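The values are calculated or read from the model by the stated rules, or taken from the named source; none is laboratory data. Here the structure is a predicted model, which is why all the values come from computation and not from measurement. Every residue, glycine as well, gets a Cβ built from its backbone with ideal geometry; the counts of neighbours run over all protein chains shown. Areas reflect the complete protein model, heavy atoms only, side chains present, ligands, DNA and RNA absent. Shrake-Rupley method; radii C 1.70, N 1.55, O 1.52, S 1.80 Å.
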Amino acid sequence: MALTGIQIFKMLPKKNCKECGCPTCMAFSMKVAQGAMKIEQCPYVSEEAKAELSEATAPPMKTIKVGCGEGEYTLGGETVLFRHEKTFVNKTRYAVALCSCMDDAEIDAKIAAIPAVDYERIGERMSVEMVYVNYDAASGADKYLELVKKAAATGKTLVLGCDDVEVAKAALEICKDGKPVLNGANASNYEAMNEVAKAAGVVLGVGGANLDEIYDTVAALEKAGNKNLVIDATGASLKETYGNAVQIRRAALKDQDRTFGYPTIVNTVKLAKGDRYMQEALVSLFTMKYGSIVVLESLGYAEALPLFGLRQNVFTDPQKPMKVEPGLYPLNGADENSVCVTTVDFALTYFVVSGELERSGVPLNLVINDAGGLSVLTSWAAGKFSGNSISAFIKENIESKVKSRKLIIPGKVAVLKGDLESKLPGWEIIVAPQEAVQLVKFLKDLQEAGEI
């Protein structure tokens, strides 16, 4: 259980706080208990007490790092069960599955498809992040090791699904520098697997026939000194897997049981059984409840667009709205002579408006103003989307890039027309309809009339 402020206070050396600059020892203790300050900020705490307090006051779920370089990902570290309570912090990572039971043509096709999904959405790169390499004993160790070599060549972070100790050891010799996850410890082999994972310096995945078995195995690994773990929550059925994922998270966060305080892996390949629609539903489910790594059969654009959109929504701080980078966005083959259309940087507004603008087929330059990530009316009411801010942005960032001097503004802020005309001499200000769905007809009518 986490320590209270009083318990922490009793362990502090009670030095002159004016010397170290922290608040009184009691106030400091309360802040440490709440997670607002770290015990290391007190220079008088002994190393022994510091270690004990750091462990006791750490978040109930450990933060685990996997991969290296650009492929390094942080898993776990969550502090709430529900996003609206505070926020989720370390997003679910998606791993495409390969298996040594596949023929070479299928393996090569799946590997070739991995780089195809790679795009940016609201400043975040969306791509396949991991590859799950599953060992099929019937296919033999040699084929598996060749598959690991191919998977490692993709540059993605690997998860090795292998419970054979010797094969796992050989596979890690190929890819341990990339800091993969070795997902293969269970009640029968955890001692040997622990030695293999520790020798390679990689995270060890722990599974079992049921939650009791997983719990006992994790406890034994912790007793052996290994807390660099992830838990494979995948069960024999969807119901069991869902129950495992939720109970592991609840035990860690609500019951403060640190034995279950680790990130989880959920393998939807075992649950969907080749049904791509079921896979999409399951990946969505476990993105929310509570997979840290979710394994799926494939990830093409049809699957990626909704999944990445969902993940971005779930793992965005609800108190910090998603924003689009302010700037000039040419649409429909626009050039410097194309009309300008402006709106705010609130992500939802951007996607609704840009979708309708693209549907119109009219070449235009979409100007995104910095409006604090607020909607049109909200930002206007707050003074962030005003004649001053729009005109200043146009003069500083847009005028030098375009020759057109026609600017279409949102209909909901038609009141800005006169102010903008006075602040942007030489510009014609056109008021758009109030609803985005009306933009297509509006723009086509202007184009046919020769006004843009």
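Structural remarks
- So Lys444, is it under 36 Å from the mean Cα position of the chain (by Cα) and in a helix (DSSP H, G or I): no
- Residue tally, condition exposed (fewer than 13 other Cβ atoms within 10 Å of the Cβ) and either charged (D, E, K, R) or within 20 Å of Gly361 (Cβ to Cβ) (or both), over the range 396-413: 2
- Residue count, the range 257-296 (criterion: surrounded by fewer than 22 Cβ atoms within 10 Å (Cβ to Cβ), touching a residue at least 40 places away in the same chain (Cβ under 8 Å) and more than 23 Å from Val203 (Cβ to Cβ)): 1
- Of all residues in the range 224-250, those being surrounded by fewer than 20 Cβ atoms within 10 Å (Cβ to Cβ), closer than 24 Å to Thr74 by Cα and among the basic types (Lys, Arg) number 2.
- Any hit, the range 258-267, residues being more than 30 Å from Ala219 (Cβ to Cβ) and touching a helix residue (DSSP H, G or I) at 6+ places or on another chain (Cβ under 9 Å): no
- Each residue in the range 80-125 was checked for being outside any strand (DSSP E or B) and more than 24 Å from Ile248 (Cα to Cα), and 20 pass.
- Test: residue in the range 100-117 that is in contact with a helix residue (DSSP H, G or I) (Cβ under 6 Å, 6 or more places away or on another chain), aliphatic (A, V, I, L, M) and under 29 Å from Ile368 (Cβ atoms): yes
- Identity of the residue in the range 52-79, in a helix (DSSP H, G or I) and modelled with pLDDT of 70 or more, that ends up most open to solvent (accessible area, probe 1.4 Å): Glu70
- Residues in the range 89-102 that are open to solvent by less than 20 Å² (accessible area, probe 1.4 Å), of a type outside the set (Ser, Thr, Tyr) and in contact with a Phe, Trp or Tyr (Cβ under 6 Å, 6 or more places away or on another chain): 2 in all.
- Just one of the listed residues (Phe315, Phe346, Phe308) is of a type outside the set (D, E, K, R) and farther than 30 Å from Leu160 by Cβ, namely Phe346.
- Filtered residues of the range 424-441 (kept if over 20 Å from Val376 (Cα atoms) and part of a helix (DSSP H, G or I)): Lys441
Residue-by-condition table, conditions (1) buried (at least 19 other Cβ atoms within 10 Å of the Cβ); (2) within 20 Å of Val294 (Cβ to Cβ); (3) of a type in the set (S, T, N, Q):
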site	(1), (2), (3)
Arg121	no, yes, no
Ala137	no, no, no
Leu147	yes, no, no
Leu172	yes, no, no
Gly184	yes, yes, no
Ala192	no, no, no
Ala197	yes, no, no
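- Per the conditions (1) at pLDDT 90 or above; (2) open to solvent by 40 Å² or more (accessible area, probe 1.4 Å); (3) over 19 Å from Gly300 (Cα atoms), the sole criterion not satisfied by Ala105 is (3).
- Qualifying residue in the range 378-385 (condition: free of Cβ contacts under 8 Å to residues at least 12 places away in the same chain, over 30 Å from Val269 (Cα atoms), in contact with a Leu (Cβ under 7 Å, 6 or more places away or on another chain) and assigned to a loop (DSSP other than H, G, I, E, B)): yes
- Test for Leu416: is it open to solvent by less than 40 Å² (accessible area, probe 1.4 Å), part of a helix (DSSP H, G or I) and modelled with pLDDT of 95 or more: yes
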